[in-house]
């Protein structure tokens with residue numbers, strides 16, 4: 001249903017560096033770079049964009065969940081985020097309240113957003 005998502009950032013450089021690390025862990029990366037506006041994705045298609053704050057006032061937290069092909073990729077995403085210095089919301093684990101195979105990890109990006117990697121497949 002979604003073609004792409006874009007978020008606004010107070011510090012595009014730091015936030016871009018964070019997403020360079022964590023998205024590489026799940027097989028994605030920068031596919032377009034216009035300086036302060038950067039598109040991340042797979043196979044040349046930008047699906048997740050960051051750019052400078054340009055509308056509204058104050059911080060508005062968002063939640064973004066990135067699909068991971070397996071649980072070890074969720075773990076790799078989490079390790080990349082922790083190594084970067086991200087605040088940990090939830091370490092990788094099963095979330096049976098969502099469904100029996102929901103395996104996810106949640107961190108805060110440099111802007112304070114809730115960022116997740118999730119795998120829906122059994123171990």
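Read-outs: derived from the displayed coordinates by stated rules, not from any lab. Just so it is clear, the model here is predicted, and its values are computed rather than measured. Reconstructed Cβ throughout: ideal geometry from the backbone, glycine too, with neighbour counts over all protein chains shown.
Applying the criterion of being part of a strand (DSSP E or B) and farther than 16 Å from residue 62 by Cα to the residues of region 91-117, the residue that is nearest to the chain's Cα centre (by Cα) is 104. Restricting the search to region 94-112, which residues are over 16 Å from residue 74 (Cα atoms) and touching a helix residue (DSSP H, G or I) at 6+ places or on another chain (Cβ under 9 Å)? Matches in region 94-112: 110, 111.
For region 58-67, the count of residues that are touching a residue at least 60 places away in the same chain (Cβ under 8 Å) and not in a strand (DSSP E or B) is zero. Set side by side, the residues 61, 21 differ, and just one is within 24 Å of residue 105 (Cα to Cα), under 14 Å from the mean Cα position of the chain (by Cα) and surrounded by fewer than 12 Cβ atoms within 10 Å (Cβ to Cβ), which is 61.
Would you tally the residues in region 1-21 being in a loop (DSSP other than H, G, I, E, B) and over 13 Å from residue 48 (Cα atoms)?
3
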